[in-house]
Amino acid sequence: MTPTQQLPHPPPEPGRGAAGENGHEHGSGLGHGHPHSHSHGPAAPVSKHLRKVIAAVLIPFAAAVLIGLAVLWPGGAPSHQRTGVGFDRQTQQATVTQVVAVSCKAVNASGDAPTGNTSTAEGASAQAQATGSCKKATIRVDTGNDKGRTFTEIVQPDQSRQLHQGEKVVVAYEPSAPRELQYSVTDVNRRFPMALLAGIFALAVVVVGRLRGVMALVALAISFLVLSLFILPAILQGSNPLIVAVVGSSAIMLIALYMCHGLSARTSVAVLGTLISLVLIGLLGSLFVGWAALTGNTDDNTGLIHGLYPSIDMSGLLLAGVIIGSLGVLDDVTVTQTSAVWELHEANPSMGWRGLYRAGIRIGRDHIASVVNTLVLAYAGAALPLLLLFSIAQSSVGTVANSELVAEEIVRTLVGSIGLVASVPVTTALAALVVSADRPGPAGTRATAAAGVPAPARGGRGRRRKR
């Protein structure tokens, strides 16, 4: 490599020396013969030796993930006899064809006047059902063997969901019930607005992200396939939920990160940082789920799962949820930190790993504050109805935190947040060590000095600025 190749070029022509896109690769005899023009600023390739070191770690890991997928791959979710409870019901699509107002007293089973204190919720409901105006809805079944069949349903005035003519609904079917009671409305058909919202989301991602956005959507689709075709059926089949979650999350992580960010050393460092953080989350989750005696069986849905599949370890299922739920935010943190260190190295190729680490960790502190706050608010928002119930009951903070319903969310939030906080120094240190190992050698430094360009200070000492 000639001294001319080592000179940094002023904008707008980016340099192709040690800090450039391909200059270092030319020095190792592995350079590309064409320039990269990606507007998102791809990372400079690292040396062949470092690529071998990274591959020595990641290839066995990827092989272990593939073996785990092959060993645990289910033949599909095991069948069971439907209970007709909760989500475990046969459902069909239907349409409300007619709604007429009727007297509640005329259609209710009992014509007796309500008794009791009407100031209570139960008394007020009874009074409304006895004296108010109800609705008699006619519903037509649109799918299944009974397509075209109609039935009627009485809508009480205090029901939260009121039916309207022309509305699309979901009806539950119970074949063992009397014919006139076999169908009942369970929900509203909201497929169109949900599909429209998903379409707007996909369009926004593609318009803003372009090719990266397309790849992100493909990775998202593959993640859902892994979840629906592997993770869920494997857990239902009786495999250990924790092992299934680790294997499935690792597969999602490898596919999503490399598809969205390319097959590069920078992405590989982000993968390593994510993997280490997931291991920490798994260890902490296992410790505190067991120590706090969390069963994972806290509501009707988990109770139904346990009743249908008693072999499923519900506490393991809780831990699996913690790992899978933390993965998405972990990817964001590790990729951001790795990119920050790479860009710092591009700006100052001679900065040592300590200087890169200090600069990167300053960026990471801001990221930690925002991400932890995001996690806590996300879980609080999801549990808002439950928190309202505790507020209505005037329970103390200690009582609320000690209940298993809230304790699960606390453990989920704190364990995930600890993993996120740890991912920042871990990923920053890995990235700094990897990228600083490719600093220009003595020849490159001499060439820079001969050209009259002072070399940046090593280690990044004295470069920190007050903010």
**Study point:** Lone qualifier among LEU263, LEU283 - being of a type in the set (A, V, I, L, M, F, W, C), within 24 Å of ILE222 (Cα to Cα) and more than 18 Å from the chain's Cα centre (by Cα)
**Key:** LEU263
Practice item. Scan segment 386-417 for residues that are out of contact with any helix residue (DSSP H, G or I) (no Cβ under 7 Å at 6 or more places or on another chain) and of a type in the set (Val, Ile, Thr) and report the count. Key: 3
**Study point:** Subset tally (residues that are open to solvent by 40 Å² or more (accessible area, probe 1.4 Å) and in a loop (DSSP other than H, G, I, E, B)) for segment 307-333
**Key:** 3
Practice item. Answer yes if at least one residue in segment 263-284 is out of contact with any Ser or Thr (no Cβ under 8 Å at 6 or more places or on another chain), part of a loop (DSSP other than H, G, I, E, B), on the phi < 0 side of the Ramachandran plot and open to solvent by less than 60 Å² (accessible area, probe 1.4 Å), and no otherwise. Key: yes
Check your understanding: Which of the following residues is farther than 20 Å from THR95 by Cβ, open to solvent by 30 Å² or more (accessible area, probe 1.4 Å), touching a residue at least 12 places away in the same chain (Cβ under 8 Å) and out of contact with any strand residue (DSSP E or B) (no Cβ under 7 Å at 6 or more places or on another chain): ASP158, ASP146?
Key -> ASP158
Review point. If we keep just the residues of segment 188-207 that are β-branched (Val, Ile, Thr) and open to solvent by 90 Å² or more (accessible area, probe 1.4 Å), which is nearest to THR138 (Cα to Cα)?
Key: ILE200
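I'd like the full set of residues that are among the basic types (Lys, Arg) and surrounded by 13 or more Cβ atoms within 10 Å (Cβ to Cβ), limited to segment 161-175.
Within segment 161-175, just LYS168 meets the criteria.
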**Study point:** In segment 369-416, the residues that are outside any helix (DSSP H, G or I) and open to solvent by 40 Å² or more (accessible area, probe 1.4 Å)
**Key:** ALA393, GLN394, SER395, SER396
Exercise for review: Could you tell me whether any residue of segment 354-363 is within 19 Å of ALA265 (Cβ to Cβ), open to solvent by less than 10 Å² (accessible area, probe 1.4 Å) and either modelled with pLDDT of 80 or more or not in a helix (DSSP H, G or I) (or both)?
Suggested key: yes
Exercise for review: Hey, can you tell me all the residues within segment 240-262 that are assigned to a helix (DSSP H, G or I), of a type outside the set (A, V, I, L, M) and either open to solvent by less than 10 Å² (accessible area, probe 1.4 Å) or touching a residue at least 24 places away in the same chain (Cβ under 8 Å) (or both)?
Suggested key: PRO241, GLY248, SER249, SER250, CYS260, HIS261
**Study point:** Matching residues, segment 291-306, being surrounded by fewer than 14 Cβ atoms within 10 Å (Cβ to Cβ), assigned to a helix (DSSP H, G or I) and either hydrophobic (A, V, I, L, M, F, W, C) or at positive phi (or both)
**Key:** TRP291
Point to revise | Qualifying positions in segment 176-187 - surrounded by 12 or more Cβ atoms within 10 Å (Cβ to Cβ) and under 21 Å from THR97 (Cβ atoms) | key: GLN182, TYR183, SER184, VAL185, THR186
Exercise for review: Please verify whether segment 342-360 includes one or more residues that are without any contact (Cβ under 8 Å) to a residue 40 or more places away in the chain and either within 26 Å of LEU280 (Cβ to Cβ) or touching a Cys at 6+ places or on another chain (Cβ under 9 Å) (or both).
Suggested key: yes
Review point. Limited to segment 210-239, what total is found for residues that are over 19 Å from the mean Cα position of the chain (by Cα) and surrounded by fewer than 16 Cβ atoms within 10 Å (Cβ to Cβ)?
Key: 3
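The values are calculated or read from the model by the stated rules, or taken from the named source; none is laboratory data. Quick caveat: nothing in here was measured; it's all calculated off a predicted structure. In this analysis, Cβ positions are derived from the backbone assuming ideal geometry, glycine residues included, and neighbour counts consider all displayed protein chains. The accessibility values were calculated without ligands, DNA or RNA, using every heavy atom of the protein model including side chains. Shrake-Rupley method; radii C 1.70, N 1.55, O 1.52, S 1.80 Å.
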